[in-house]
Amino acid sequence: MNIIVTGGAGFIGSNFVFHMLKAHPDYRIICVDKLTYAGNLSTLKSVMDNPNFRFCKIDICDREAIYKLFEEEHPDMVVNFAAESHVDRSIENPQLFLETNIMGTSVLMDACRKYGIKRYHQVSTDEVYGDLPLDRPDLFFTEETPIHTSSPYSSSKASADLLVLAYHRTYGLPVTISRCSNNYGPYHFPEKLIPLMIINALNDKPLPVYGEGLNVRDWLYVEDHCRAIDLIIHKGRVGEVYNVGGHNEMRNIDIVKIICEQLGKPESLITHVADRKGHDRRYAIDPTKIHDELGWEPETMFADGIKKTIQWYLDNKDWWEDIVSGEYQNYYKKMYENR
Ligand code: NAD
Ligand code: TDX
């Protein structure tokens, strides 16, 4: 089996590459990544010499390069992780999100139509459902929840999902979509909540909590997400959407306090800063469908996953120190100075 994994130099994509090479030693994995600020080749160094792995620096919007790759590799499947993924950046500059997340998806699917494919899988997000009120803990996102987006990021992901379903209905493309809740774990880019707080706490820097920190996210250890996608591409029904989440809702402020506690840092580092524009209040996934149809359930409980994650950041300082010493400094200043 030849599988193209786009965005494989990013957080979840790289974890998926590792998972697939281990779980399916006879598969060939072709990683396509543009290496934007979020893609890091050093993340993939442990698999670069694996004969079943190939890395290609390609922009998914580059139609010619994508078609050429399909002619060379004859992929059986495409799993599309490539995206601009940070909500705050989408608020600053929506345009790039529309290009990569929507146009890039259409280029990949056009290639699948032209050359044939057994499965095109779109890695989507629970953010396409918008948010839930904080005072209705009985409500969850199911696959039938209407699309109702808040940010340019989530709107671009929702647009891509609609396009994927349209390619299935119109052209019969064999697609599946997964909509997952917030991931955490190794190789998470430091702009996102959990790694940002771990790294700032380690450096005794302020921990910038947006607003009161009462917004709720539903956290899933990244390996559990990778196992879910592996199941969906092999056993999921074509044309279907699968929600992925582990019933692990936490308030942001509580996450930050856990990180302080685990690292032995004072909660006085916590600083409340201006809220995110259009900030979604609560995400909560109902994973009944993937559980009942495919037997998936999360294996890593948050208490263990956060310990493993913190330990990973302690053991892999070189990885994140390289990142936070570069262009990231400018980003951090722009987003957090005077906030
Ligand atoms: P990430 O930002 O860490 O990685 C994205 C990767 O895509 C990077 O390696 C980047 O270089 C690459 N990329 C960006 N634009 C590209 C382009 N035009 N062509 C080729 N490669 C390009 O993101 P992530 O957190 O790993 O998210 C991966 C996917 O999962 C995204 O589609 C995201 O919407 C989705 N998702 C993420 C989460 C989460 O909690 N992180 C949850 C649900 C869904
Ligand atoms: O400095 C911060 N302070 C803070 O309070 C940052 C970076 C975030 N936050 C809050 C905002 C959110 O309520 O923490 C929560 C999590 O923020 P992010 O890590 O930016 O994630 P989120 O906006 O929830 O989106 C993530 O989950 C869904 C991913 O980035 C998306 O790609 C995915 O689709």
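The values are calculated or read from the model by the stated rules, or taken from the named source; none is laboratory data. Bear in mind that the values here come from a model prediction, so they are computed numbers and not experimental data. Note: ideal-geometry Cβ built from the backbone for every residue, glycine included; neighbour counts use all protein chains shown. Note: areas computed on protein heavy atoms with side chains; ligands, DNA, RNA excluded. Shrake-Rupley method; radii C 1.70, N 1.55, O 1.52, S 1.80 Å.
Structural remarks
- Checked against (1) surrounded by fewer than 21 Cβ atoms within 10 Å (Cβ to Cβ); (2) within 17 Å of residue 84 (Cβ to Cβ), residue 124 passes all but a single condition, namely (1).
- The range 1-25, residues that are open to solvent by 10 Å² or more (accessible area, probe 1.4 Å), assigned to a helix (DSSP H, G or I) and within 11 Å of ligand 1 (Cβ to nearest atom): 11, 12, 15
- Filter pass, residue 28 being in contact (Cβ under 8 Å) with a residue 24 or more places away in the chain, out of contact with any Phe, Trp or Tyr (no Cβ under 9 Å at 6 or more places or on another chain) and open to solvent by 50 Å² or more (accessible area, probe 1.4 Å): no
- Flag if residue 160 is closer than 19 Å to residue 89 by Cβ, open to solvent by less than 10 Å² (accessible area, probe 1.4 Å) and either within 10 Å of ligand 1 (Cβ to nearest atom) or in contact (Cβ under 8 Å) with a residue 24 or more places away in the chain (or both): yes
- All conditions but one from (1) touching a helix residue (DSSP H, G or I) at 6+ places or on another chain (Cβ under 7 Å); (2) outside any helix (DSSP H, G or I); (3) touching a residue at least 60 places away in the same chain (Cβ under 8 Å) apply to residue 230; the one that does not is (2).
- Taking the listed residues 285, 270, the one that is within 26 Å of residue 135 (Cα to Cα), surrounded by 13 or more Cβ atoms within 10 Å (Cβ to Cβ) and in contact with a Pro (Cβ under 9 Å, 6 or more places away or on another chain) is 270, with no other qualifying.
- Of the criteria (1) touching a residue at least 24 places away in the same chain (Cβ under 8 Å); (2) in contact with a Cys (Cβ under 7 Å, 6 or more places away or on another chain); (3) more than 23 Å from residue 151 (Cβ to Cβ), which one residue 267 fails: (1)
- All conditions in (1) of a type in the set (A, V, I, L, M); (2) within 16 Å of ligand 1 (Cβ to nearest atom); (3) touching a residue at least 60 places away in the same chain (Cβ under 8 Å); (4) open to solvent by 20 Å² or more (accessible area, probe 1.4 Å) hold for residue 175, with the sole exception of (4).
- Restricting the range 177-217 to residues that are hydroxyl-bearing (Ser, Thr, Tyr) and in contact with an Asp or Glu (Cβ under 6 Å, 6 or more places away or on another chain), the residue that is nearest to residue 321 (Cα to Cα) is 210.
- Where residue 200 falls short, out of the listed (1) buried (at least 20 other Cβ atoms within 10 Å of the Cβ); (2) closer than 25 Å to residue 284 by Cβ: (2)
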